[in-house]
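Engineer: I'd like to ask you about the structure that follows.
The values are calculated or read from the model by the stated rules, or taken from the named source; none is laboratory data. Keep in mind that this is a model prediction, so the values were computed, not measured. For neighbour counting, all protein chains shown are included, and Cβ atoms are generated from backbone atoms with ideal geometry for every residue, glycine included. Note: accessible area is taken over every heavy atom of the protein model, side chains too, but ligands, DNA and RNA are not part of it. Shrake-Rupley method; radii C 1.70, N 1.55, O 1.52, S 1.80 Å.
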Amino acid sequence: LTFCRLCEAYPEDDRVSLKEAAAALVRETDPDLVDAAWISCGAEVQEALTPNGSEIGPQTLNRLLESRHGAWAEALVQALQRHFPGGLDEDYRRMLGMLRANLPKSYFWKGARFLLRKQVSVAPQGLSFEQTHSPRFLEVVMDFLAGSLALCSVDDEAALEGVVSLSEGFSAGEHGQLEVEILTIRGIRDPEYRVGDLTARLLRGPRPLSPYVKVTCSGASSSTSIRTTSKSGSAKFDEIVKLRLDSTLFDRCHVDVCVFDACGPQSVLRGDPLIGQATLEVTKNHFGTSTIQTLQLTRGGEKCHGTVELRAGVRARQDDYRILASARSQSLSEIAASLAAVLSQPKGVDALLRSRPSLLAAAGCADDSALRRTLQAWVVRLSTEARGLAGSDDEAALDVMARLLRSAQQIVVMCVGEACNADDIRALTVNWIRNLFQLCAGIQGLPPRLNEARLQRLLDVTQSSVADPRQRLADMGITLPGSLPEETVAVIVDRLLEAFRSGEEEMFTGERIVDPSGGVTLQLGAVILADRQGKRPHAFLYDLASIRQWQSQGGAEPSTRQAITSRNIIPLTLTT
């Protein structure tokens, strides 16, 4: 992030020099100060820093914050007075000083950015000045600022107002629902004939059709209100019908769409005559987007009874939002299912785009339509994987979620290209996740609490230097047991690549672990040992027969002298 911000500030400077300057700044500076500086800069990073990028250091950032505080102090006092009414002018100056002294720098400047908006919809809004004296006031403020959209550009008011709960306009219900929006019917003509219709027409004369649309799925039905057609047989509906679903995670569902002509009192005895019908197939490929479809209405095998324009989508449950808001205490399988349900809604891809960190949004994408397609494909994959994880514990779900997270990191790379290294990609991905969960809660909601240890573990699993570790193993001529966790597979692949780059020789046989062509010809065994600090496990490679004999004779792991059992040794099976 620091490197990218320096690139924004000094577009003419050499990128290698800026990379070195960014690395030095991060190495020598308190991370909270770095975060605070970039938050305070907002979109004006070029104007806020020194003219020379090589002069940037911790003191530069401190001077920047002091300058910002001097320029904004009076406006912040007025903002506090506006949102916490009831005190005197001097009370708010003391309050600003108290917040600056007690909040981490990044939290303070994040709060400053929020307060200086023209319209603020934040959790503390509406409190009186007296309530700010509560012992829990700082705790509540810090809780809110910990999960807010920290890097969102506050100067773009339109963008900020767009960051609202996903449920707005497509609100969550108690149960999952299928929603079908009937837009227009066109070119409909005479309904089916029933005995007595001719006599009725002779008595009352011709009349315009009074169509309505009935939608049925899995035994549940719902109908629109009645419209009157024009002379061309068209009518505009713009009406949503809702059907309850047992689950919003499915491959496909069939929806029967029937257009009837409302006959008034006659329908009590004989029902309303059918004008035409069609079948709508809602598949997982529709998840995350909203596409208008035109269906031909048929009756008795004839395809000339008009058309109906509509679009369909699933709607998440209220419980899905509650699960995401309390993600820390939920299982991975529950989080996956709820996130899939929320993102499968018609605005799902839009939500992913809106929750991008500002750096990614600013970087854009060479082909925005390609990015949307990629995100929509990711939503479909998430939905498929979530359905398979139902009822699984976290250990079983870890590998699947890690693969999805790795795909998300590849999308980040798609946005920023070569501008960021692996650590930058990781940080941007985490920021995107936090923003998305905050978006699901809504700006007015409390910041969702994530299970940080679990998120860290997922990120560790994705650290492999290749996108598909098992495919890379196959390319090297070896396979691993299918039940092996993805985390372990990634560690072994990275260890093999390290051995290949260094030309490393196996300890017992003296032969190269990976030959110069990149293939493996030795029958190897990988010793996997857990990290003592709970981080990514370590892999050690040996000739399989030799390490098994060594272990059977009571030998400890040769490199670390740590005790091992046969379970620590994983065979790498040659495929050629």
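Engineer: Restricted to the range 228-250, and to residues that are open to solvent by 60 Å² or more (accessible area, probe 1.4 Å) and free of Cβ contacts under 8 Å to residues at least 60 places away in the same chain, which residue is farthest from I188 (Cα to Cα)?
Structural biologist: Among those residues, the one meeting the criterion is D238.
Engineer: Among helices (runs of 4 or more DSSP H) lying entirely in the range 344-398, which contain 2 or more residues that are within 30 Å of S483 (Cβ to Cβ), at pLDDT 80 or above and β-branched (V, I, T)?
Structural biologist: Qualifying helices (runs of 4 or more DSSP H): 368-388.
Engineer: Another question, then. What strands (runs of 3 or more DSSP E) lie completely within the range 213-274 and have 2 or more residues being modelled with pLDDT of 90 or more and more than 34 Å from the chain's Cα centre (by Cα)?
Structural biologist: The qualifying strands (runs of 3 or more DSSP E) are 235-244, 252-261.
Engineer: Under 9 Å between Cβ atoms, at least 6 apart or on separate chains: pull out the pairs that start in the range 287-302 with a residue that is closer than 19 Å to L375 by Cα and open to solvent by 50 Å² or more (accessible area, probe 1.4 Å) and end on any residue that is polar (S, T, N, Q) and modelled with pLDDT of 85 or more.
Structural biologist: S290/Q345
Engineer: Now for a different question. Does V527 satisfy being open to solvent by less than 20 Å² (accessible area, probe 1.4 Å), out of contact with any Lys or Arg (no Cβ under 7 Å at 6 or more places or on another chain) and not in a strand (DSSP E or B)?
Structural biologist: No.
Engineer: Let me ask another. I'd like to know if the range 353-360 contains one or more residues that are closer than 22 Å to R403 by Cα, in contact with a Cys (Cβ under 9 Å, 6 or more places away or on another chain) and open to solvent by 40 Å² or more (accessible area, probe 1.4 Å).
Structural biologist: Yes.
Engineer: Which numbered condition in (1) open to solvent by 80 Å² or more (accessible area, probe 1.4 Å); (2) part of a strand (DSSP E or B) is the only one that V282 fails?
Structural biologist: (1)
Engineer: Restricting attention to the range 466-476, does a residue exist that is open to solvent by less than 40 Å² (accessible area, probe 1.4 Å), closer than 26 Å to T575 by Cα and either in contact with a Gly (Cβ under 6 Å, 6 or more places away or on another chain) or at pLDDT 85 or above (or both)?
Structural biologist: yes
Engineer: Please go through the range 530-558 and pick out each residue that is part of a strand (DSSP E or B) and open to solvent by 50 Å² or more (accessible area, probe 1.4 Å).
Structural biologist: Across the range 530-558, the qualifying residue is only H538.
Engineer: State whether the residues of the range 105-128 include one that is open to solvent by 20 Å² or more (accessible area, probe 1.4 Å) and at pLDDT 85 or above.
Structural biologist: Within the range 105-128, one or more residues are open to solvent by 20 Å² or more (accessible area, probe 1.4 Å) and at pLDDT 85 or above.
Engineer: When the residues of the range 559-576 are narrowed to those that are assigned to a loop (DSSP other than H, G, I, E, B) and open to solvent by 20 Å² or more (accessible area, probe 1.4 Å), which ends up modelled with the lowest pLDDT?
Structural biologist: Top of the filtered list is T576.
Engineer: Residues that are outside any helix (DSSP H, G or I), modelled with pLDDT of 85 or more, among the hydrophobic types (A, V, I, L, M, F, W, C) and buried (at least 18 other Cβ atoms within 10 Å of the Cβ): does the range 493-511 have at least one?
Structural biologist: So far as the range 493-511 goes, no, none of its residues is outside any helix (DSSP H, G or I), modelled with pLDDT of 85 or more, among the hydrophobic types (A, V, I, L, M, F, W, C) and buried (at least 18 other Cβ atoms within 10 Å of the Cβ).
Engineer: Given the condition farther than 24 Å from V282 by Cβ, part of a helix (DSSP H, G or I), modelled with pLDDT of 80 or more and of a type in the set (S, T, N, Q), answer yes or no: does some residue in the range 409-422 qualify?
Structural biologist: Yes, there is a match, as at least one residue in the range 409-422 is farther than 24 Å from V282 by Cβ, part of a helix (DSSP H, G or I), modelled with pLDDT of 80 or more and of a type in the set (S, T, N, Q).
Engineer: State all residues of the range 479-492 that are farther than 20 Å from S559 by Cα, open to solvent by 10 Å² or more (accessible area, probe 1.4 Å) and assigned to a helix (DSSP H, G or I); if no residue qualifies, say none.
Structural biologist: Answer for the range 479-492, where residues must be farther than 20 Å from S559 by Cα, open to solvent by 10 Å² or more (accessible area, probe 1.4 Å) and assigned to a helix (DSSP H, G or I): E486, E487.
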